[in-house]
Amino acid sequence: MISITEVEAMLEQAAEKIPQELYRDLNGGIILLPEAKLHPGNIANDLYILGEYHRSRAMGRYIAIYYGSFEKASAHLSNKQLKKKLEHTLKHEFTHHIESLAGERDLEIEDERNIARYLRRHRR
């Protein structure tokens, strides 16, 4: 796995590809955190949260990307594949941001369905 500094550079490149108008009200920006974060519904120690969209009165709106989660879940990927997964994760979190601004929850509901499928698959 590449270093956090290299992932940060990849993340910055990915963020530059996002149209500026989509950053509206994302007052906390995009942050890269060093830790790994397991999903609370995790059963087999294999369900890592790669990124999260946050909105709160205290902290505002921001996107968190978890380097440690990428390190755990994507160590087998080439740099090119890792960059693509990082870009996909960032776009996913931006979709949550845009939907939040619009009062929509479609992606949130889809994420909940994906977690339910994971739980059914691992409880068999």
Which of SER56, ILE18, ILE109 sits closest to the plus end of the dipole of the stretch 18-124, meaning its Cα is farthest towards the positive end, when Lys and Arg get +1 and Asp and Glu get -1 on the C-beta?
ILE109
Of the listed pairs LYS17/LYS72; LYS37/LYS72; LYS17/LYS84; LYS17/LYS91, those with alpha carbons more than 18 Å apart are LYS17/LYS72
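Since every read-out is calculated from the coordinates, none of them should be taken as a lab result. Being a predicted model, the structure only gives us computed values, none of them experimental. Quick reminder, even Gly has a Cβ in these numbers, built from the backbone with ideal geometry, and neighbours come from all protein chains shown.
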